[in-house]
Amino acid sequence: MAGTFGARMLRALLATWVFVVVTSALFVLWPMEGAPTRGESPIWMWNWLLPTLAFQLLVFWVVDANLLLTRFIRNLSTHYAIWPKALRKEHWRVFGMPLHPCIDDWMDMQLIAKRTATVNRLIYAPTVVMLILIASRNSVFDNWPTPPSLIISFLLTTLILLASALSLRRAAEKARGAALQRLDNYRLETPEDAPIYKKLELIRARIVALNTGAFSSYAQEPLVRALLLSLTGVGGSLIVDALNYAKF
C-alpha cells in the first residue's frame with residue numbers, strides 16, 4: 001500500500017504543504033516585492049506561485065521514491081529472499097547448488113542496482129528545474145526580485161534533495177558492505193580446494209565492481225559533469241576529481 005500512486009501522492013502533497021507553511025514565515029520576514037509588470041493585477045503572483053508549488057511537489061515525489069527504495073534496500077540486506085524456481089535452477093546450473101548465502105547476496109546487489117537505476121536519475125529532474133528557476137531570476141532576463149526568503153527556500157530544497165540522494169547511496173553501500181562481510185566470512189570457512197571457492201572470489205569481485213543504480217558515482221554522470229564543467233570552467237574538473245576521490 002505504501003508504494004501505490006495514491007499513497008505516494010498523498011505523502012508528497014502533505015510534505016509540500018508542510019514545506020510551504022514553514023517557508024511562508026520566511027516570506028513574512030522578507031516579503032516578495034512587486035514584479036516588473038504594469039498595472040495592479042495580481043496575476044503575476046499566481047504565475048509564480050503555481051509553478052513553485054508544482055516544483056515542490058516534484059521534489060517531494062522524488063524524495064518519497066528514494067525513501068521507499070531506502071527501506072527496500074535495508075529490508076533486503078537483512079533478510080534472505082526466496083527466489084523463483086526458475087532462478088534457483090539457473091543457480092544450480094551455474095554454481096552447482098540451488099541456494100547459498102553468497103549467491104543470495106549477489107542477486108540482492110543486482111536487484112538493488114536495477115531497482116535504483118531509474119529512480120537514481122529522477123534526482124536530476126528537480127535539480128534541472130531549480131537551475132532554470134535560479135537562472136530566470138538573473139537580470140539578463142528580467143528585473144525579478146530575489147529576496148533572502150527565496151534564496152533560503154532554494155537552499156532548503158537543495159539540502160532536501162542532497163540528503164535524499166545521500167541516504168539512498170548510503171543504504172546501498174551499507175548493504176554492499178554487509179554482503180561483502182558475509183562473503184568474506186564464508187570464504188574463511190570454505191576450503192580453498194572446494195569447487196565453490198573460486199566462484200566466491202568471482203562473486204565478490206563482481207559485487208565490488210557494481211557501478212549502476214545507487215552504486216554509481218554521481219560525478220561520473222554525463223549531466224553532472226557537463227553542468228560542473230560549464231558552470232565552473234577549469235575548476236569544475238577539480239570538483240569532478242574530488243567527487244570521484246570521495247566516491248560520490
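Here's the list of lysines a cross-link from K114 could span, going by alpha-carbon distance under 23 Å and ignoring same-chain residues fewer than 8 apart: K85, K89, K174, K199, K247. Take 172-183, 54-65 and order them by the average number of nearby Cβ atoms within 10 Å per residue, most first; the result is 54-65, 172-183. Rg and Dmax of region 148-207, based on Cα coordinates, read 20.5, 67 Å.
The numbers here are math on the coordinates, done by the rules we state, and not lab data. All values derive from a computational prediction rather than experimental measurement. As a convention, Cβ positions derive from the backbone with ideal geometry for all residues, glycine included, and neighbour counts pool all protein chains shown.
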